[in-house]
Amino acid sequence: MTVKHERNSVSRLTLQLNDTCNLRCSYCFSGDSARTGTTVSEEDYGFFLGFCIRNGLRGVRLTGGETLLHPHIHRYVRLAVKVGLEVNILSNFTVSEAVSAFDVPARSLSFLVNVNDRDSYSSEEWHALVGNIESAQQRGYSIVLGYTAHTGIVHIPHIIEIGARFKVAKLRISPSKPTIGGTNTWLAPDDMLSFSESVMALYQILHSVGIRLVLDCPIPFCHIPEQFLHFFLQELRLSGTCGFGSSVNVNLDVGHCYITNSLLTKRNLRTFATMEEIRMFTAGFASDIDKSCPLFDRCTKCHYFILGSCSAGCYGIRHECAPLAGTSHV
Ligand code: SF4
Ligand code: SF4
């Protein structure tokens with residue numbers, strides 16, 4: 001008997017497959033203490049896929065650590081595709097020839113490739129990264145390039161060049177956030193003038209080579225200098241509010257995101273039957289975290305808050321910046 005599942009309003013669930021990484025990015029949300037060498041077992045992976053299928057999800061996102069270092073990544077992707085799930089992998093793409101070993105159909109697999117500053121790579125790492133992009137293109141796997149901005153200067157001609165060469169449609173800029181309890185570098189309010197200038201210039205260059213620029217994760221609207229706010233809101237659809245989703249970590253614990261993990265109570269995926277239960281659970285997190293990371297004092301008088309379009313961005317930013325003075329948009 002074939003069981004037909006209704007598609008869920010959450011279309012995919014994220015699973016951290018491992019916590020090992022070959023790079024040491026200063027902005028990394030997870031930090032050294034989180035690198036324990038743990039990988040998701042076949043049994044746990046099977047449970048995760050079953051949960052996604054039972055809940056009518058369309059696909060899964062696999063992350064790490066460095067996802068392509070998982071010893072069974074190619075078989076795990078094959079298994080997900082076999083049960084009808086699309087797979088999106090977040091990777092740094094520096095594991096040599098990892099992409100050429102995937103053999104699933106083009107429509108079933110896509111990648112979000114996080115690329116760093118050019119001078120942070122050895123020549124072998126850069127060669128591996130470009131080779132994997134080339135392999136993905138030859139196999140028809142779609143790619144979004146990503147860059148995590150951790151200083152105000154976004155100078156990424158190497159990413160523009162590979163984006164144009166391999167006809168990548170989209171580049172995602174993620175403003176780096178402070179991990180609560182962590183020590184990562186992040187994009188602070190003082191960086192916002194140069195960040196805004198850099199992003200505006202980048203937008204124009206990318207437009208001229210047919211690449212769409214998108215922003216990931218919110219920024220408090222009052223951290224963007226006034227003269228750039230219209231551009232960020234209109235062209236980049238800047239959000240000022242955390243979307244508060246769910247993800248499953250390498251121990252199969254359900255959580256929110258790396259930024260807030262230290263504040264969260266852990267609960268294993270095996271104790272949930274439905275996505276709705278997960279949604280209720282993470283909604284509970286949101287109200288707990290609201291207490292640990294309150295809104296800025298000025299927010300309640302701000303018209304963006306009153307309109308519901310900004311609530312001081314990311315919880316990490318709220319945690320770090322609450323004591324700072326700033327302008328409200330009353
Ligand atoms: S709601 Fe708060 S964080 Fe957002 S723009 Fe207004 S004062 Fe700034
Ligand atoms: S707290 Fe929200 S906005 Fe901040 S990193 Fe996590 S998901 Fe993104």
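Please treat every number below as a calculation from the coordinates, not as lab data. All of these numbers come straight from a predicted model, not from anything done at the bench. Glycine gets a Cβ as well: all are built from the backbone with ideal geometry, and neighbour counts include every protein chain shown.
Taken one residue at a time, the phi angles of the range 181-188 give Karplus couplings (6.51, -1.76, 1.60, θ = phi - 60°) of x, x, 10, 5, 7, 8, 7, 8 Hz. Gly and Pro are set to x. Once the Kirkwood radius over Cα pairs is known for the chain, the Stokes-Einstein relation at 37 °C and 0.692 mPa s delivers a diffusion coefficient of 157 µm²/s. Radius of gyration over Kirkwood radius for the range 87-139, both on Cα atoms: the Rg/Rh ratio is 0.98. Using DSSP to define loop residues, name the trypsin sites (Lys or Arg not before Pro) in the range 15-95 whose beta-carbon has at most 14 other beta-carbon atoms within 10 Å. Listed in order of number, the matching sites are 24, 58. Quick one: in the range 68-114, what % of C-alpha pairs are over 13 Å apart? Across the range 68-114, Cα pairs with separations above 13 Å total 53 percent. With the Kirkwood sum run over all distinct C-alpha pairs, the range 125-264 has a hydrodynamic radius of 16.7 Å.
In percent, rounded to a whole number, the relative contact order of the range 154-257 is 25, using alpha-carbon pairs under 8 Å and six or more apart.
Comparing 153, 317, 89 in a Gaussian network model of the chain, where Cα atoms under 10 Å apart are tied by springs, the biggest mean-square fluctuation is seen for 153.
Computed on the range 67-209, the Cα convex hull volume stands at 131 Å³ per residue. For the range 12-325, the relative contact order is 16 percent, taking Cα pairs closer than 8 Å that sit 6 or more residues apart in sequence and dividing their mean separation by the residue count. Over all directions, the projected convex hull of the C-alpha atoms in the range 1-157 averages 10.5 nm² in area. With the convex hull constructed from alpha-carbon coordinates only, the range 203-330 shows a mean projected area of 10.0 nm² over all directions. Close lysine pairs were tallied over the chain: pairs 8 or more places apart or on different chains with Cα atoms under 27 Å apart number 6. Take each peptide in 220-226, 273-279, 119-125, 310-316, count the other Cβ atoms within 10 Å of every residue, and average; sorted highest first, the result is 310-316, 220-226, 273-279, 119-125.
Of the residues 249, 22, 114, the one that moves most in a GNM of the chain with alpha-carbon contacts below 10 Å is 22. Of all DSSP-defined beta bridges confined to the range 12-325, some 15% are antiparallel rather than parallel.
Quick note on the range 104-186: its Rg to Rh ratio, both from C-alpha atoms and Rh being the Kirkwood radius, is 1.01.
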